[in-house]
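The values are calculated or read from the model by the stated rules, or taken from the named source; none is laboratory data. The structure presented is a predicted model; accordingly, all values stated were derived computationally and were not measured. Glycine gets a Cβ as well: all are built from the backbone with ideal geometry, and neighbour counts include every protein chain shown. Note: accessible area is taken over every heavy atom of the protein model, side chains too, but ligands, DNA and RNA are not part of it. Shrake-Rupley method; radii C 1.70, N 1.55, O 1.52, S 1.80 Å.
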Amino acid sequence: MDGVFYNGDDRLVHCAVDLDTSARNGNASIDTGLDRARDRSEVVELYAHDPGAGGTVSPDEIEHVLAGAQARGLSFVTYRDFAIKDDTDTEPGLALSFDDTFVEAWVALRPMFQQYHARLTFFISHYRQLSATAHDGLKLLAADGHDIEAHTVMHLRAPDYVEDHGLDAYLRDEMDPSIQALVDDGYEVHAFAYPYGARTDELDAAIAKRVPVIRSVSFSYPEAESPCPR
């Protein structure tokens with residue numbers, strides 16, 4: 001799992017580990033990651049999806065992570081921070097991101113985020129299909145200092161799309177419109193997250209011409225091959 005710890009290098013592809021219940025990462029595992037970030041002056045990268053009632057991760061789990069980061073003196077780091085860093089020094093930190101379209105659930109946790117002075121990244125898919133309420137919620141999150149970044153148009157698995165339609169078609173249909181929709185509404189886009197973390201070196205090279213930071217994932221269960229670069 002070394003790939004989910006950022007140590008100040010110039011990596012293009014970052015990796016995060018899943019907090020969702022299906023990933024089976026208990027609090028002891030999470031605490032071990034937070035301890036390593038503190039002890040080695042690294043940034044541990046974690047992500048989840050829906051912290052709402054009946055969602056993919058409980059609000060209590062998210063609070064455990066935020067409180068643990070605060071107790072260990074970890075800074076909250078966004079993917080914009082990774083993109084604009086001007087040196088290779090790092091302080092112990094936590095980069096927590098949420099993916100997809102669960103804006104109302106994220107907004108509901110604003111008091112918790114504010115309590116812990118957290119700065120998070122939200123990777124958005126289906127942006128043009130979001131409701132007006134969701135768009136207003138994203139503006140609230142951005143105004144709070146959180147980072148709004150791109151996560152494709154239709155949340156399709158990138159390597160499969162490229163195999164079926166070609167690289168240029170993926171960039172045209174999924175990648176570029178995802179960025180442009182955010183830019184059109186006033187967001188600065190610095191990063192992109194692959195749906196399912198699915199990636200190839202060819203995709204990385206093409207997307208690097210558009211954003212300086214890409215996020216994949218690192219699976220914590222042995223029966224699945226992790227897409228995180230080795």
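Some values worked out for this structure:
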{"read-out": "Given the chain, longest segment not containing exposed loop GluC sites (Glu not before Pro) (DSSP; at most 11 other Cβ within 10 Å)", "value": "1-222"}
{"read-out": "Burial order of peptide ranges 95-103, 10-18, 64-72, 211-219 (average beta-carbon count within 10 Å, highest first)", "value": "95-103, 211-219, 10-18, 64-72"}
{"read-out": "Stretch gain in nm, segment Asp31-Arg110, where the contour uses 0.36 nm per residue and the Cα spacing is subtracted", "value": "26.2 nm"}
{"read-out": "Two-decimal Rg/Rh across region 170-230, once Rg and the Kirkwood Rh are taken from alpha-carbon atoms", "value": "1.03"}
{"read-out": "Total charge dipole magnitude, region 114-217, about the Cα centre, Cβ charges on Lys, Arg, Asp, Glu only, Debye to nearest 20", "value": "280 debye"}
{"read-out": "Solvent-free Debye scattering, log10 I(q)/I(0), computed from the Cα coordinates of the chain at q = 0.13 Å⁻¹", "value": "-0.72"}
{"read-out": "Region 66-191 - accessible surface per residue (Å², probe 1.4 Å)", "value": "44 Å²"}
{"read-out": "Region 6-19 - phi-based ³J(HN,Hα) in whole Hz, Karplus 6.51/-1.76/1.60, Gly and Pro as x", "value": "8, 10, x, 6, 9, 4, 7, 9, 8, 10, 10, 10, 7, 9"}
{"read-out": "For the chain: relative contact order, % (alpha-carbon pairs under 8 angstrom, 6 or more apart)", "value": "23 percent"}
{"read-out": "Dipole magnitude of the chain, debye to nearest 20 (Cβ charges: Lys/Arg +1, Asp/Glu -1, about Cα centre)", "value": "320 debye"}
{"read-out": "Relative counts (whole %) of C-alpha pair distances in region 20-134, using bins that are 5 Å wide", "value": "2, 11, 21, 23, 21, 12, 6, 3, 0"}
{"read-out": "Other-chain or far-sequence residues with amide H under 5 Å of Ala16's (modelled H)", "value": "Ser216, Val217, Ser218"}
{"read-out": "Share antiparallel - DSSP beta bridges, the chain, percent rounded to 5", "value": "5 percent"}
{"read-out": "For region 97-108, Karplus couplings with θ = phi - 60° (6.51, -1.76, 1.60), whole Hz, Gly/Pro x", "value": "10, 10, 10, 5, 10, 8, 5, 4, 5, 5, 4, 4"}
{"read-out": "Nearest-10 value in Å² for the accessible area of Met1, using the 1.4 Å probe", "value": "100 Å²"}
{"read-out": "Extent along principal axes [Cα atoms of region 119-230; Å; largest to smallest]", "value": "37, 31, 24"}
